[in-house]
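Enquirer: Just passing along the structure, written as structure tokens.
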Amino acid sequence: MSQITTLRLLINHSPPIFSPLFFKPRNLHLPIRRFSLLTTFSSLPKKQTNLQSSPAKPLKYKSRYKSSLAEKKKGEEGAKMAETESSGFNKRRAMGKDKDDKPKNLQLKVRKLNPVNTICYVQILGTGMDTQDTSPSVLLFFDKQRFIFNAGEGLQRYCTEHRIKLSKIDHIFLSRVCSETAGGLPGLLLTLAGIGEEGICVNMWGPSNLKQLVAAMKAFIPNAAMVHTHSFGPLHGPDEIAVSDLSKFSGPILLISDEVVKLSAILLQPNEDKESINNESETSIKPRDLSVVYICELPEIQGKFDPERAKALGLRAGPKYRELQQGKSVKSDHRDIMVHPTDVMDPPIPGPIVLLVDCPTASHLQNLLSVDFLNKFYTDFSGNLSENTRAVACVIHLSPSSVASSPAYQNWMKRFGDAQHIMAGHERKNAEIPVLKSSAKIAARLNYLCPRFFPAPGFWSLDTDNISLNSTFSTKDPQTTIAAENLLKFNLRPYANLGLDRSSVPAYTGPAQVLDDLRAEIPEIDNTVQQVRQLWNSPVEVNGEMSLENNNSVVEEPWFDELGLPSCLQDITREDMEIVLLGTGSSQPSKYRNVSSIFINLFSKGSLLFDCGEGTLGQLKRRFGVEGADNAVRNLRCIWISHIHADHHTGLARILALRRDLLKGVPHEPLLVVGPGQLMRFLNAYQKLEELDMQFLDCRHTTQASWDAFASSLNSDQGSSSPTNFGINVDSTLFIKGSPMQSYWKRPSSPVGNAASMERLSHLGKVLQDAGLETLISFPVVHCPQAFGIVLKAGDRINNVGEVIPGWKVVYSGDTRPCQELIEASHGATVLIHEATFEDALMDEAVARNHSTTKEAIEVGEAAGVYRIILTHFSQRYPKIPVFEDAHMHNTCIGFDMMSINMADLPVLPRILPHLRLLFRTEMGVDEADDLLPEAVSAAS
């Protein structure tokens with residue numbers, strides 16, 4: 001019996017954040033002209049109104065007590081607009097009160113099902129097939145229903161790429177409850193909640209207690225959404241399941257039985273060795289250790305009624321025909337005989353059976369081989385079906401190749417006779433074929449234009465173009481075993497079409513073809529490539545170090561910067577630091593831009609992540625290759641999250657889970673995750689499902705004032721383990737005395753300073769020191785409750801002649817309106833990575849959503865005397881390149897996914913922009929508006 005729980009995911013209200021414009025600013029000593037942000041906001045373009053006269057309209061008098069609901073809403077919206085226009089930012093959004101907290105009246109969809117005329121197939125949705133970072137999904141398609149098995153990271157982006165309608169999904173089934181199979185659920189639920197005015201309900205099924213998974217997501221899913229969770233298997237506590245309870249579920253668990261499908265589940269558990277079984281302390285397993293075999297049985301369709309045979313048996317046309325088709329025997333009208341349905345009906349059409357098998361380890365395989373219920377699907381040793389055996393049409397194997405290639409597993413597969421086996425586990429050959437072809441095409445074009453800023457993707461090198469697409473799982477396997485391909489189908493209905501269908505498998509387009517198309521589209525591209533190469537001929541590179549001397553060959557653009565080379569870049573090497581933009585889009589993934597994530601590569605000293613949106617691991621593997629990304633995850637020093645919105649952190653659990661597995665058995669310390677307080681609630685809830693091997697530190701304990709309080713506590717309380725004042729007296733303009741935010745800062749539920757915070761801050765200091773970094777400072781910004789930016793500064797170094805060279809300084813804004821805190825934090829920065837969600841013409845929308853425009857982001861950098869500005873977090877209405885004006889770009893560059901900016905290349909960075917614009921000269925508009933859901937976009941940003 002399954003445990004069914006209905007959960008509503010409601011907006012999580014938090015206390016307000018107020019604009020720093022209302023507080024006394026600190027004194028700024030900037031090397032360039034200063035300006036007031038109040039002046040800036042007051043001079044921003046307002047939405048124009050039509051001042052032309054219009055014909056007079058007759059007055060309509062209404063009772064003062066009968067104002068309509070529309071008028072009331074209009075008045076509320078007017079008040080909100082007046083509030084935003086007067087302050088330069090959306091105060092309600094900053095306070096977390098911009099969403100309607102009224103639960104939606106969501107109802108489960110009711111489908112009219114007809115098994116006779118149903119079209120049905122199973123299809124491989126190749127999420128993770130090229131990057132091997134997540135489980136592929138499987139779509140069970142009926143013309144009136146859609147079932148999806150597993151929802152790993154990238155599923156939403158994959159469906160946008162291949163135009164698969166998420167609005168048709170009725171059920172989501174998980175073969176395991178872990179980040180590998182469920183990492184894409186938050187984004188998927190956000191999208192479903194944003195469809196239409198009421199959103200869409202969805203059923204979610206899986207082993208163990210799914211309520212814990214959905215409850216964990218309540219911390220950051222802002223729209224009201226209805227999720228009906230169906231947990232099957234034994235009842236258990238939050239952390240473990242008793243083995244004795246599992247023994248009661250050795251048979252199939254019926255989940256769905258309707259006119260078109262009967263769907264059952266068989267639980268698999270890892271078999272323990274005899275020692276652990278005899279040990280009382282080892283008589284339980286974790287919920288994430290359970291996996292599932294799903295059995296999908298389509299009903300038998302009765303044969304066609306033959307009226308000629310009925311007539312020959314003496315029956316007149318009439319009600320008896322209907323009774324025979326309903327399976328009833330009738331008496332002949334003209335003969336003294338009984339007429340049975342088999343006398344006048346064609347043989348029934350058997351219902352195909354499909355198995356989806358997820359056997360994650362060799363220990364689970366032992367349990368799989370002992371499942372008695374599967375005996376009804378096995379053939380005998382000669383390959384024939386016995387009287388009580390039902391033939392299986394297709395078996396889709398989600399098991400990893402390390403398990404599926406074992407002799408025991410291969411022998412088990414042969415017991416299904418002529419069934420078609422599709423190996424959908426991580427196959428090495430699939431890593432060569434990009435699943436997201438649109439972004440892969442852009443990456444190849446950018447790589448050809450400027451390989452220094454856009455290295456060849458890890459899976460798609462321009463030097464190799466030989467890929468075998470027809471290789472099977474193993475040359476020794478029978479013809480009934482094939483490797484899965486992206487969008488491969490197995491037709492189930494109509495029965496005449498039963499079998500494999502490759503008609504939807506995308507044709508392979510190699511990088512050579514991409515370049516041929518590029519030359520045909522832009523004939524002058526080869527000359528442009530040569531011009532880009534000349535940009536690196538102006539500086540002289542000696543022993544891996546950059547110098548700007550002897551630059552007579554450079555053609556200076558009139559808008560090139562006048563600030564000169566910062567002292568921190570003197571004698572910089574290419575092994576110092578590199579900024580890799582893994583995701584540069586906002587709200588939800590698109591075909592060309594993933595959501596926010598920035599990889600700070602310190603090479604031999606490790607790495608950091610700023611934000612970690614869904615699909616971050618997949619992006620790492622596309623940039624560095626499968627093995628290179630694993631090394632990057634092993635060497636992570638810290639992950640910093642700016643705020644709780646889903647597009648900035650839903651890839652975190654997958655990264656942490658992979659690091660846990662990669663370092664299993666290796667001495668190591670838990671990874672530090674620095675983020676807003678709401679994120680800790682999510683991580684604590686999620687860790688009930690699977691251990692993430694991390695330590696959490698609140699962003700508020702990494703502000704400059706907190707670091708100062710920490711240093712003071714160490715000096716005044718040496719030997720004390722519980723400095724009570726740490727982290728409370730924070731001198732920040734967003735938390736000043738008397739502001740509503742002050743009470744929130746001191747709220748009992750907030751993670752105020754304690755011994756654990758002291759210990760973790762001390763750990764962070766050691767991590768920074770080992771990585772050659774001087775400081776990591778969080779500072780509040782204006783976007784939503786507990787939104788932060790970050791300052792990362794490298795330690796000083798000594799050059800070849802013994803001179804002290806100051807360390808570089810990188811600032812990341814997170815999501816924000818322009819604010820004084822950000823300008824102060826960015827003062828003198830080497831690089832400012834600033835969000836630029838909207839173009840300048842959409843100022844009203846930027847204010848309403850507490851984001852920045854392109855011009856505003858650049859003005860913040862200019863006010864702070866920043867050397868280079870990198871713009872990111874673009875609205876998905878700009879799918880390939882955003883709208884910008886050249887006049888403002890003298891020290892600025894547009895960010896792209898997979899863009900890798902080495903510190904040694906910063907002098908050249910702005911010069912690449914005109915060439916990038918040439919690459920996208922015909923694509924400056926929106927070309928995927930139909931693929932994006934405005935309601936879902938606004939919900940996530």
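Enquirer: Specify the residue that is modelled with the highest pLDDT; the eligible residues are those in segment 550-583 that are among the charged types (D, E, K, R) and touching a strand residue (DSSP E or B) at 6+ places or on another chain (Cβ under 6 Å). Walk me through it before giving the result.
Expert: So the first thing to find is which residues in segment 550-583 are among the charged types (D, E, K, R), and the list is 556-557, 561-562, 571, 574-576, 578.
With the extra rule that they be touching a strand residue (DSSP E or B) at 6+ places or on another chain (Cβ under 6 Å), the set shrinks to 571, 574, 578.
On the way: 571: 88, 574: 94, 578: 98.
If we take residues in segment 550-583 being among the charged types (D, E, K, R) and touching a strand residue (DSSP E or B) at 6+ places or on another chain (Cβ under 6 Å), then 578 is modelled with the highest pLDDT.
Enquirer: Follow-up question, since we're still on this one. Being at pLDDT 60 or above, surrounded by fewer than 22 Cβ atoms within 10 Å (Cβ to Cβ), more than 29 Å from the chain's Cα centre (by Cα) and not β-branched (Val, Ile, Thr), is that true of even one residue in segment 276-292?
Expert: Yes, the conditions are met somewhere in segment 276-292.
Condition check ((1) crowded, with 19+ Cβ neighbours inside 10 Å; (2) more than 30 Å from residue 404 (Cβ to Cβ); (3) in contact with a strand residue (DSSP E or B) (Cβ under 7 Å, 6 or more places away or on another chain)) across all residues:
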| site | (1), (2), (3) |
| --- | --- |
| 322 | no, yes, no |
| 333 | no, yes, no |
| 337 | no, yes, no |
| 351 | yes, no, yes |
| 358 | yes, no, yes |
| 370 | no, no, no |
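Enquirer: Now for a separate question. Tell me, which helices (runs of 4 or more DSSP H) lie completely within segment 591-690 with 3 or more residues that are at positive phi and assigned by TED's automatic domain parsing to the domain that holds residue 581?
Expert: Numbers: elements: 616-634, 652-662, 677-686.
So the answer is none; nothing clears 3.
So that you can scan it fast, the table gives a plain yes or no per residue for (1) more than 15 Å from residue 791 (Cβ to Cβ); (2) more than 24 Å from the chain's Cα centre (by Cα); (3) assigned by TED's automatic domain parsing to the domain that holds residue 789:
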| residue | (1), (2), (3) |
| --- | --- |
| 829 | no, yes, yes |
| 837 | yes, no, yes |
| 844 | yes, yes, yes |
| 850 | yes, no, yes |
| 855 | yes, yes, yes |
| 858 | yes, yes, yes |
| 863 | yes, yes, yes |
| 867 | no, yes, yes |
| 874 | yes, no, yes |
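Enquirer: Another question about this same structure. Go through the residues of segment 693-706 one by one and say whether even a single one is of a type outside the set (D, E, K, R), in a helix (DSSP H, G or I), within 22 Å of residue 579 (Cβ to Cβ) and under 21 Å from the mean Cα position of the chain (by Cα).
Expert: Within segment 693-706, none of the residues are of a type outside the set (D, E, K, R), in a helix (DSSP H, G or I), within 22 Å of residue 579 (Cβ to Cβ) and under 21 Å from the mean Cα position of the chain (by Cα).
Enquirer: Only one of these conditions is not met by residue 241: (1) modelled with pLDDT under 90; (2) surrounded by fewer than 17 Cβ atoms within 10 Å (Cβ to Cβ). Which number is it?
Expert: It is condition (2) that residue 241 fails.
Enquirer: Mind checking which residues of segment 339-349 are buried (at least 16 other Cβ atoms within 10 Å of the Cβ) and assigned to a helix (DSSP H, G or I)? Quick ask: steps written out before the conclusion?
Expert: Taking segment 339-349 and keeping what is buried (at least 16 other Cβ atoms within 10 Å of the Cβ), we get 339, 341, 343-345, 349.
Passing the criteria: 341, 343, 344.
Enquirer: Being modelled with pLDDT under 95, outside any helix (DSSP H, G or I) and within 25 Å of the chain's Cα centre (by Cα), is that true of even one residue in segment 908-926? Talk me through it step by step, then tell me what you get.
Expert: First, pick out the residues of segment 908-926 that are modelled with pLDDT under 95: 908-926.
In the following step, the residues that additionally are outside any helix (DSSP H, G or I) were identified as 920-926.
Restricting the remaining residues to those that are within 25 Å of the chain's Cα centre (by Cα) gives 925-926.
Checking segment 908-926: at least one residue is modelled with pLDDT under 95, outside any helix (DSSP H, G or I) and within 25 Å of the chain's Cα centre (by Cα).
Enquirer: Let me ask something additional. Take residue 658 and decide whether it is within 20 Å of residue 766 (Cα to Cα) and either at pLDDT 95 or above or surrounded by fewer than 18 Cβ atoms within 10 Å (Cβ to Cβ) (or both). Full working, then the answer.
Expert: On the way: within 20 Å of residue 766 (Cα to Cα): no; either at pLDDT 95 or above or surrounded by fewer than 18 Cβ atoms within 10 Å (Cβ to Cβ) (or both): yes.
So residue 658 does not fit the description; no.
Enquirer: Would a scan of segment 505-513 turn up a residue that is surrounded by 12 or more Cβ atoms within 10 Å (Cβ to Cβ), under 30 Å from residue 903 (Cα atoms) and touching a helix residue (DSSP H, G or I) at 6+ places or on another chain (Cβ under 8 Å)?
Expert: yes
The values are calculated or read from the model by the stated rules, or taken from the named source; none is laboratory data. These numbers come from a predicted model, not from an experiment. When we count neighbours, we look across all protein chains shown, and the Cβ atoms used for this are built from the backbone with ideal geometry, even at glycine.
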